[in-house]
Amino acid sequence: MSGPDQPYPLHGSIEVEDAKEILRKAIRTNRQSRSERLRKEAAVAVADVIETIPDVAAATCVATYAARPTEPGTAEMLERLAARGVRVLLPVLGAGLQRDWAEYGGPADLQVRAPGRPPEPGTAPLGPEALALADVVVAPALAVDSRGVRLGQGGGWYDRALEHIRPGARVVAVVFPEEVYDADDRPLPLEPHDKTVDAVATPLGWRWLP
């Protein structure tokens, strides 16, 4: 259920794209208020939760991401996957948000290559079609609702990238607990091009959607 601390400053008839931007601003502000200690605790908890998802536990290749500072942390998850021998693919953003993927080469290899972008690996790019190698995709999000609607950062990167996903591969979005929305009460804005997700994971647990 939606809670009192859940950002949802939407009311009346707002255009979908405007509603998305209003929500993004509110959620980003909420994320920035989290202390560094709470972020580190959340990163470990997220890794614990992700390990319990059957599709991840059985995977030999996982496409995921290196988190920005205010996102639910993924450093612990990346290290655990790599230690288990899983092939880990991370996004590489080219000019104009061009889609590409490269293998995770360890924490020292990750670099922020442009302001505002997530850390990226320095290993050889594999092309956008490499996403078809992944057994499961663990994707970032600002919010997810109970229909599986995902609110992204606004560039549409994942909506386009997921066109290359292998049939049957599941997509799991990672958010903080208050960023999971009850679609009956507080539905997230949805446009025809938006790709829905199959599951949501938070530091407190995960579940299939819808």
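The values are calculated or read from the model by the stated rules, or taken from the named source; none is laboratory data. Note that the structure is a prediction, hence the values are computed from the model and not measured. Here Cβ is always computed from backbone atoms with ideal geometry, including for glycine, and neighbour counts include all displayed protein chains.
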* Determine, yes or no, whether ALA42 is more than 18 Å from the chain's Cα centre (by Cα), surrounded by 13 or more Cβ atoms within 10 Å (Cβ to Cβ) and either hydroxyl-bearing (Ser, Thr, Tyr) or within 22 Å of ASP145 (Cβ to Cβ) (or both). => no
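Filtering the stretch 109-144 down to residues that are of a type in the set (Gly, Ala, Ser) and part of a loop (DSSP other than H, G, I, E, B), which residue is nearest to VAL88 (Cα to Cα)? Reasoning before the result, please.
Of all residues in the stretch 109-144, those of a type in the set (Gly, Ala, Ser) come to 114, 116, 122, 124, 127, 130, 132, 134, 139, 141, 143.
In the following step, the residues that additionally are part of a loop (DSSP other than H, G, I, E, B) were identified as 114, 116, 122, 124, 127, 134, 141.
Values: ALA114: 22, GLY116: 22, GLY122: 13, ALA124: 13, GLY127: 14, ALA134: 8, ALA141: 19 Å.
Looking at the filtered set, the residue picked out is ALA134.
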* **Single condition ASP48 does not satisfy, out of (1) closer than 16 Å to ASP109 by Cα; (2) part of a helix (DSSP H, G or I)** => (1)
* To do: Quick one: count up the residues across the stretch 122-159 that are surrounded by fewer than 19 Cβ atoms within 10 Å (Cβ to Cβ) and within 14 Å of the chain's Cα centre (by Cα).
  => 6
* To do: Kindly indicate whether any position in the stretch 107-121 is surrounded by fewer than 21 Cβ atoms within 10 Å (Cβ to Cβ) and in contact with a helix residue (DSSP H, G or I) (Cβ under 6 Å, 6 or more places away or on another chain).
  => no
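Hey, can you tell me all the residues within the stretch 145-170 that are under 16 Å from HIS193 (Cα atoms), hydrophobic (A, V, I, L, M, F, W, C) and either touching an Asp or Glu at 6+ places or on another chain (Cβ under 8 Å) or outside any helix (DSSP H, G or I) (or both)?
Of the residues in the stretch 145-170, the ones under 16 Å from HIS193 (Cα atoms) are 147-165.
In the following step, the residues that additionally are hydrophobic (A, V, I, L, M, F, W, C) were identified as 149, 151, 157, 161-162, 165.
Selection gives VAL149, LEU151, ILE165.
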* Of all residues in the stretch 199-208, count the ones that are surrounded by fewer than 16 Cβ atoms within 10 Å (Cβ to Cβ) and either in contact with a Pro (Cβ under 7 Å, 6 or more places away or on another chain) or in a loop (DSSP other than H, G, I, E, B) (or both). => 1
* Mind listing whichever residues of the stretch 170-198 are surrounded by fewer than 20 Cβ atoms within 10 Å (Cβ to Cβ), touching a strand residue (DSSP E or B) at 6+ places or on another chain (Cβ under 6 Å) and touching a residue at least 60 places away in the same chain (Cβ under 8 Å)? => ARG170
* Return a yes/no flag: does the stretch 60-68 have any residue that is surrounded by fewer than 17 Cβ atoms within 10 Å (Cβ to Cβ), at pLDDT 95 or above and closer than 15 Å to PRO177 by Cα. => no
